[in-house]
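The numbers here are math on the coordinates, done by the rules we state, and not lab data. Note that the structure is predicted; figures quoted are calculated from it, not measured. All Cβ positions, glycine included, derive from the backbone under ideal geometry; neighbour counts span all protein chains shown.
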Amino acid sequence: MRLQQWIKNLFLFAGLIFSGHLIYSADVLKTLIGFFFFSLVTSGVYMFNDITDIERDKLHPVKSKRPLPSGNLSKQAAWIGTSVLSVVGLAGSFYLRVEFGLAALVYVTLNIFYSIRLKDVVILDAMTVAAGFVIRVVAGALLIGVPASEWLIICTILLSLFLGFSKRRHELTFLETQANTHRSVLQHYSPYFLDQMIGIVTASTVMSYALYTISEETVRKFGTTHLIYTVPFVLYGIFRYLYLVHKKIEGGNPTKLALTDRPLLVNIILWIVVASIIIYGR
């Protein structure tokens, strides 16, 4: 079920936080319940992906230890698991709000196509993963009935692409000559090509977030221009992640890095605290 990956579903809270609705207990509770059901959906998707990747994962030095490729879990049990988790998660999502359920259904459909075909299509593989994060943000906004900011969507797309291309770079350098046998799409990438795309999305992410903090819409919504002071945290977070990817040969698991790299974790917490004070301090 990859419970540690549930941290990605915190993107559901983006709409709650940046709409100013964090002070409404009903919306907070609804988002927490939505987080649980959406996490069941994502766990079902992870299981389905592991089923389709079982032979490739057997060749990976780390993923070969997962339940399916290691033989600790049968395919039949995995099929039952992915079916139950997906059905329960989707049913709960639709019960909370139809629009939220539809967003969850789109997420499942997109990831089925990803597992079957899109993960083998160069560039589209990373863009599909990024789309999954955008769906999370939009789903969270739909759940509490607030519009998803265009700025928020743009920043989410760019940040997700940054993480996606960084992960591909890690896989390419970590697996070296065995990269193609694990993930066929890696034969279409090279460290130089990925560095070019990472450079583009890195600059675009920082600029988009900076422009968001000083846009008329943002200033009017929060009644302050002080959100610009959170930009240094975004800069440091991206620079720290690039350092880990290039100097420490990490980046294959963004979730693990966010939880285990102390400077990165502290930076994320400080960004959340400072942003919350600026948005809700009034």
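At-a-glance table
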| item | result |
| --- | --- |
| Computed [θ] at 222 nm, helices only, for the chain once each DSSP H run of length n ≥ 4 contributes -39500 (n - 2.57) | -24000 deg cm²/dmol |
| Prolate/oblate/rounded label for the range 20-177 (Cα gyration tensor, a/c 1.5) | oblate |
| Eligible lysines near Lys221 by straight Cα distance, threshold 28 Å, same-chain separation 8 or greater | Lys8, Lys30 |
| Neighbour net charge for Phe38 - beta-carbon separation under 15 angstrom, K R +1, D E -1 | +4 |
| Test item: Cα-centred dipole of the chain, Lys/Arg +1 and Asp/Glu -1 on Cβ, debye | 500 |
| Candidates Tyr46, Tyr24, Tyr212: whichever shows maximal mean-square fluctuation once the chain is modelled as a Gaussian network with Cα springs under 10 Å | Tyr24 |
| Gain upon complete extension [Arg117, Leu10; 0.36 nm per residue less C-alpha separation] | 35.8 nm |
| Sequence-distant lysines (8 or more away, or on other chains) whose Cα lies within less than 23 Å of Lys247 | Lys63, Lys167, Lys256 |
| Neighbour-count order for Arg262, Arg56, fewest beta carbons within 10 angstrom listed first | Arg262, Arg56 |
| Net charge over other residues, Cβ less than 9 angstrom from the Cβ of Leu194 (K, R count +1; D, E count -1) | +1 |
| Summed residue charge, Cβ within 15 Å of Leu270's Cβ, Lys/Arg positive, Asp/Glu negative | +1 |
| Read-out Cα Rg over 2.2 N^0.38 Å, derived from the coordinates shown; its label in (i) 1.02; (ii) 0.93; (iii) 1.18 | (i) |
| Partner aspartates and glutamates for Lys58 [C-alpha distance under 12 Å; skip if fewer than 8 residues away on the same chain] | Asp50 |
| Contour minus Cα-Cα distance for Met1 and Tyr236 (0.36 nm per residue) | 81.4 nm |
| Ranked Ser215, Ser70, Ser93, Ser86, criterion: other C-beta atoms within 10 Å, fewest first | Ser70, Ser215, Ser86, Ser93 |
